[in-house]
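Comments concern the structure below.
The values are calculated or read from the model by the stated rules, or taken from the named source; none is laboratory data. These numbers come from a predicted model, not from an experiment. These accessible areas exclude ligands, DNA and RNA; they are computed on the full protein's heavy atoms, side chains included. Shrake-Rupley method; radii C 1.70, N 1.55, O 1.52, S 1.80 Å.
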Amino acid sequence: RFLRSRRATRSSFVVVAGTYCAGPNSIRADVVRMLRRLRFDYIDIFLLFWVRSAERLSDEDFEALDRLRTEGKVRTFGFSSHDRKICVDAMNRYRWPVVMTRHSAAHPGAEEQVFPTALERGTGVLTFSATCYGRMLRKTVLSADEPEQHALPSAPDCYRYSLSRPGVSACLTAPRNR
């Protein structure tokens, strides 16, 4: 409802959308459905969500996404995966414009495995889960006699941690409320 309300001009925000489906026909159908539902001419970034196997990143799906970009239905495209090996292998196989991967102080490692390849290949990087779904912002109790732990990071600290890495273009957030 917010996006359709036109409270902000279309050029003032970036829409990241995606699909859990595979196959050129399903991908196209999801893009068309989203465009119709949002009443937009294009989606800024369209992702294949939750990629857990290399087979999900088929030649046909890459070509379908590239066609959608050529047609102007999406500005750019990519995929999202927690699996860093899949990310690196996919970027070395094709010139994926965007890759989205989990990255936080609780889940480091992408800075050694994914980000250098993305920089080398010219792939934009979106990160997510900077606060580890809020867990980084809450104290944990290890035991009753445990001394108080170090100060907790703030949400901006968590996002700064990910955004300060070379190659990271943006870090997605999903606040629970306004």
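Kindly provide the helix-only [θ] at 222 nm of the chain, computed as the sum of -39,500 (n - 2.57) over DSSP H runs of four or more divided by all residues, to the nearest 500 deg cm²/dmol?
Result for the chain, helices only: -9500 deg cm²/dmol.
Among [x] 1.02; [y] 1.16; [z] 1.07, only one was calculated for this model; which label is it, if the read-out is Rg/Rh (Cα atoms, Kirkwood Rh)?
[x]
Looking at segment 1-146, what % of its DSSP beta bridges pair antiparallel, to the nearest 5?
DSSP beta bridges in segment 1-146 are roughly 5 percent antiparallel.
What whole-number value in Å² describes the accessible area per residue of the chain for a 1.4 Å probe?
Accessible surface, normalised per residue, equals 60 Å².
Could you run the Karplus curve 6.51 cos²θ - 1.76 cosθ + 1.60 with θ = phi - 60° over segment 34-44 and give me ³J(HN,Hα) per residue in whole Hz, x for Gly and Pro?
With the stated coefficients, segment 34-44 comes to 5, 4, 5, 5, 7, 6, 10, 8, 8, 10, 5 Hz.
If you roll a 1.4 Å probe over segment 24-178 with all protein chains in place, what percent of the accessible area is carbon or sulfur? Display every interim value, and only then the final one.
Details: 4600 of 8940 Å².
That fraction is 52 percent.
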